[in-house]
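Colleague: One structure is given below, represented as structure tokens, and several questions about it will come after.
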Amino acid sequence: MKIIAVMSPKGGIGKTTTSDSIAYMLGQEQGKSVLVIDGDPQGDTSKTFGRYEPEGIGMSELLEHHQNVGGRYRTTELIQSTEYDHIDIIPANGYLMQTDMNLLLKQEENQVTRLRDALAEVAVAYDYCVCDCGRLLDMVVINILLAAELVIAPVKVGGFENEAIHNLQEQVDDLREINPELRIKGLVTMRQKNKTSLEFEEWMKDSSGFDMFVTSVRRSIVAEKASMRMQPLPQFSKNCIVSQDYRNVVHELLRELEG
Ligand SMILES: Nc1ncnc2c1ncn2[C@@H]1O[C@H](COP(=O)(O)OP(=O)(O)O)[C@@H](O)[C@H]1O
Ligand SMILES: [Mg+2]
């Protein structure tokens, strides 16, 4: 199972749209078996896949009450199917913010590797695990980043964005001390066709030193409509320009991770 995290310290930058679209396309179009993990207390990914219940069980139980740490749950008991073939999910719930605090207060070595340990149980059951993160580097997200082999970092054109990706790079460098496998790859999202955007994009791809996806994801109102309908974008509109771009991102991913 290859574990991919979508993370950026910026909000509203397309993290959830990216992770939902990639998960959906890997499962529905590429026939891979996919486990979606919702690491954001807002639960947007859980809502998109129709599995958000504020009082339900999910990520909090996985991180706090797994049998590995003396709790009552096994990983398989916290996985739910979705209405889409090949795509299962461990949803976020209303308690996930508190989970961050509870983990933070523990002084145990496994407090940051709990997700990694719990996912080992289903490593052969899935081809991919796609994790949506919130924008804070909290204990939930640290658990995700330490389990993952690749972090996709969406970036948008604008003054503070390169600073944000630099910060993320620094954070990832720190985490790499515990997870040496971790790589970070930037993805330009919400691309607009004006001079400033194009220059920034060129700089990101050619001279910033960051590993970037060749594909940039264009901006379109269709993505917002899909979010409002709480549907994965490629389900809402299979061939809109944003879906087309994510399809190319998935092809790049498959080439990179499967050769
Ligand atoms: N390529 C895009 N074009 C236009 N709107 C987009 C695009 N990608 C995402 N959006 C919209 O931007 C908003 C924030 O996206 P979202 O994926 O929820 O970001 P995040 O998870 O980083 O907060 C949503 O309303 C979403 O529909
Ligand atoms: Mg989000």
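Colleague: Among the residues of segment 46-76, write down those that are under 20 Å from LEU103 (Cβ atoms) and assigned to a helix (DSSP H, G or I).
Modeller: Hits for segment 46-76 are SER46, MET59, SER60, GLU61, LEU62, LEU63, GLU64, GLN67, ASN68, VAL69, THR75.
Colleague: Hey, another quick one. One residue is enough: does segment 213-233 have a residue meeting the conditions farther than 17 Å from ALA23 by Cα, at pLDDT 90 or above and away from ligand 1 (no atom under 14 Å from the Cβ)?
Modeller: Checking segment 213-233: at least one residue is farther than 17 Å from ALA23 by Cα, at pLDDT 90 or above and away from ligand 1 (no atom under 14 Å from the Cβ).
Colleague: Moving on. For a quick check of your reading: which strands (runs of 3 or more DSSP E) sit entirely within segment 118-206 and have at least 3 residues that are more than 16 Å from ligand 2 (Cβ to nearest atom)?
Modeller: Qualifying strands (runs of 3 or more DSSP E): 183-188.
Colleague: Please work out which one of (1) without any contact (Cβ under 8 Å) to a residue 60 or more places away in the chain; (2) more than 16 Å from ligand 1 (Cβ to nearest atom) is the condition TYR84 fails and give its number.
Modeller: In the conditions (1) without any contact (Cβ under 8 Å) to a residue 60 or more places away in the chain; (2) more than 16 Å from ligand 1 (Cβ to nearest atom), TYR84 misses (1) alone.
Colleague: Only residues that are within 20 Å of ALA125 (Cα to Cα) and either at pLDDT below 95 or touching a helix residue (DSSP H, G or I) at 6+ places or on another chain (Cβ under 8 Å) (or both): list them for segment 62-87, please. Let's see the steps before the verdict.
Modeller: Quick first cut of segment 62-87, residues within 20 Å of ALA125 (Cα to Cα) only: 62-63, 66-68, 73-87.
Listed by number, the residues that qualify are LEU62, LEU63, HIS66, ASN68, TYR73, ARG74, THR75, LEU78, TYR84, ASP85, HIS86, ILE87.
Colleague: Within 16 Å of ligand 1 (Cβ to nearest atom) and in contact with a Cys (Cβ under 6 Å, 6 or more places away or on another chain): which single residue out of GLY39, GLY11 fits that description?
Modeller: Answer to the check: GLY39.
Colleague: Can I ask one more? Within segment 19-33, can one find any residue that is of a type in the set (Val, Ile, Thr), modelled with pLDDT of 95 or more and more than 11 Å from ligand 2 (Cβ to nearest atom)? First the steps, then the outcome.
Modeller: Of segment 19-33, the ones of a type in the set (Val, Ile, Thr) are 22.
Among the residues that remain, those that are also modelled with pLDDT of 95 or more are: 22.
Next, from what is left, pick out any that are more than 11 Å from ligand 2 (Cβ to nearest atom): 22.
Yes, the conditions are met somewhere in segment 19-33.
Colleague: Of the conditions (1) surrounded by fewer than 17 Cβ atoms within 10 Å (Cβ to Cβ); (2) farther than 15 Å from PRO154 by Cβ, LEU182 satisfies every one except a single condition; which number is it?
Modeller: All conditions are met except number (1).
Colleague: Follow-up. Take the conditions under 30 Å from GLY209 (Cβ atoms), acidic (Asp, Glu) and part of a strand (DSSP E or B) and apply them to ASP88. Does it pass? Spell out how you get there, then give the answer.
Modeller: On the way: under 30 Å from GLY209 (Cβ atoms): no; acidic (Asp, Glu): yes; part of a strand (DSSP E or B): yes.
So ASP88 fails the test.
Colleague: Moving on to the next point. Look through segment 126-138, keep the residues that are touching a helix residue (DSSP H, G or I) at 6+ places or on another chain (Cβ under 8 Å) and modelled with pLDDT of 95 or more, and return whichever of them is surrounded by the most Cβ atoms within 10 Å (Cβ to Cβ).
Modeller: If we take residues in segment 126-138 being touching a helix residue (DSSP H, G or I) at 6+ places or on another chain (Cβ under 8 Å) and modelled with pLDDT of 95 or more, then CYS131 is surrounded by the most Cβ atoms within 10 Å (Cβ to Cβ).
Colleague: Within segment 186-207, take every residue that is crowded, with 17+ Cβ neighbours inside 10 Å and more than 9 Å from ligand 1 (Cβ to nearest atom) and give me the one that is farthest from HIS166 (Cα to Cα).
Modeller: Ranking the candidates gives SER197 first.
Colleague: Within segment 234-246, can you find the residues that are in a loop (DSSP other than H, G, I, E, B) and within 10 Å of ligand 1 (Cβ to nearest atom)?
Modeller: Applying the first criterion (in a loop (DSSP other than H, G, I, E, B)) to segment 234-246 yields 237-240.
Scanning segment 234-246 gives a single hit, CYS240.
Here's the yes/no breakdown for (1) surrounded by 22 or more Cβ atoms within 10 Å (Cβ to Cβ); (2) aliphatic (A, V, I, L, M):
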residue: GLU55; (1), (2): no, no
residue: MET59; (1), (2): yes, yes
residue: ASN68; (1), (2): no, no
residue: ILE79; (1), (2): no, yes
residue: ILE87; (1), (2): yes, yes
residue: ALA92; (1), (2): yes, yes
residue: LYS106; (1), (2): no, no
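Colleague: Could you tell me whether any residue of segment 137-160 is over 17 Å from the mean Cα position of the chain (by Cα) and away from ligand 1 (no atom under 16 Å from the Cβ)?
Modeller: Within segment 137-160, the first condition is being over 17 Å from the mean Cα position of the chain (by Cα), and the residues that meet it are 157-160.
Applying the additional criterion that residues be away from ligand 1 (no atom under 16 Å from the Cβ) yields 159.
Checked against the condition, which is being over 17 Å from the mean Cα position of the chain (by Cα) and away from ligand 1 (no atom under 16 Å from the Cβ), segment 137-160 yields at least one hit.
Colleague: Based on this model, can you work out whether LYS32 counts as surrounded by fewer than 24 Cβ atoms within 10 Å (Cβ to Cβ), part of a loop (DSSP other than H, G, I, E, B) and away from ligand 1 (no atom under 16 Å from the Cβ)? Reasoning before the result, please.
Modeller: Details: surrounded by fewer than 24 Cβ atoms within 10 Å (Cβ to Cβ): yes; part of a loop (DSSP other than H, G, I, E, B): yes; away from ligand 1 (no atom under 16 Å from the Cβ): yes.
Yes: the conditions hold for LYS32.
The values are calculated or read from the model by the stated rules, or taken from the named source; none is laboratory data. This is a predicted model, so every value here is computed, not measured. Virtual Cβ from ideal backbone geometry, glycine too; neighbours counted across all protein chains shown.
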